Amino acid sequence: MIKYRAFIEVVETGSITKAAKKLGYSQPGISYMIDSLEKEIGFPLLIRGKYNVQPTKDGARILYHCKQIVNNEDDLLETAKAINGLMEGTIYLASQNSMLVNIVPHIISCFAKSFSGITVNLEELPFDSFSSYFQRGDIDMGFMSQMKLKGFEFHPLFKDPLCLIMHKDHPFSRYERIPAANLNGCDFIMPISGWDDTVQMVMAKSPFTANIRFEVASDTAAIALTAENQGVYIMSNLQASLLPDNVVSRLFEEDYFRIMGYMVKTIKNATPALSEFIKTTEHVVAEFVEREETLLLPV
């Protein structure tokens, strides 16, 4: 089993030396494991360059299966420990920004108080990256807007209305609700493709042609630009509480919202650690939705 772990670490670090250090083996020891795995499989797995190591085309295909073998072994050991009353393990999470800056940290904090022996790793991802991360087996659970992905389950948690943010002196601030048609011709801040699905959701139902002045990869940057009255920006109503005093939000006249939730491969066969994390998630989010009823809607 260690040879599979060695191959994964070499590919992910791009270095046999770094992989050896991380796994606690000598460099010749890791090289021997890779050579042994190549002989076992029957073809080269790595391209050894002067400065780094990369997988061959066939090695990249094998990498996914090696991860599955390692993950299955980890799940087996974790389940056995849980049966013996020792709740340990590691959970790999990913989250879109809107849930990461509001709910997910509190979920992790609550979980850690009850399960200090379980390590939680978290990565922020753009919406378009979730499918590839799940399919490669890099994450166990993703906090995200609704998506259909074969072989995985999406579980809704709440509805997140979409809103338009602007400087408090912007002409749109006089509206109680903004008609989407008003976006035609206005100065607009656009998220970089793949980083947010909010604009695409509005445009799918109400196409508009705005004057795109800036493209940003984060809501933080967009908020900073609206604070200087440099345009308007579509964002999650979930984040409206984060706006500075000189930036206001307005819901759309139309009923635009995202269904936010979490995705896992399966709840039924989840590891004990992940099962407990899911329970904590459901409990924390239920309380959050009830408390923030002006921002969110129940599913």
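Remarks
- Considering only residues in region 21-39 that are assigned to a loop (DSSP other than H, G, I, E, B) and of a type outside the set (Phe, Trp, Tyr), the one that is surrounded by the fewest Cβ atoms within 10 Å (Cβ to Cβ) turns out to be Gly24.
- Test: residue in region 68-81 that is touching a Gly at 6+ places or on another chain (Cβ under 6 Å), open to solvent by less than 40 Å² (accessible area, probe 1.4 Å), among the acidic types (Asp, Glu) and at pLDDT below 85: yes
- Residue pairs whose Cβ atoms lie under 7 Å apart, separated by 6 or more positions or on different chains, with the first residue in region 183-194 and at positive phi and the second part of a loop (DSSP other than H, G, I, E, B) and of a type in the set (Lys, Arg), do not occur.
- Of the strands (runs of 3 or more DSSP E) lying entirely inside region 115-215, those carrying at least 3 residues that are out of contact with any helix residue (DSSP H, G or I) (no Cβ under 7 Å at 6 or more places or on another chain) are 118-124, 153-167.
- Residue match in region 93-105 (condition: loosely packed, with under 14 Cβ neighbours inside 10 Å and touching a residue at least 60 places away in the same chain (Cβ under 8 Å)): no
- Test: residue in region 40-48 that is under 20 Å from the mean Cα position of the chain (by Cα), among the hydrophobic types (A, V, I, L, M, F, W, C) and not in a helix (DSSP H, G or I): no
- Applying a threshold of 7 Å to beta carbon distances and a minimum spacing of six or more residues, or different chains, the list of pairs starting in region 123-145 at a residue that is over 21 Å from Phe158 (Cα atoms) and ending at one that is aromatic (Phe, Trp, Tyr) reads Phe134/Phe152; Arg136/Tyr64; Gly137/Tyr64; Asp138/Tyr92; Ile139/Tyr92; Ile139/Tyr133.
The values are calculated or read from the model by the stated rules, or taken from the named source; none is laboratory data. Here the structure is a predicted model, which means the values were calculated and not measured. Backbone-built Cβ (ideal geometry, glycine too); neighbour counts: all protein chains shown. Surface accessibility is based on the protein's heavy atoms, side chains included, excluding ligands, DNA and RNA. Shrake-Rupley method; radii C 1.70, N 1.55, O 1.52, S 1.80 Å.
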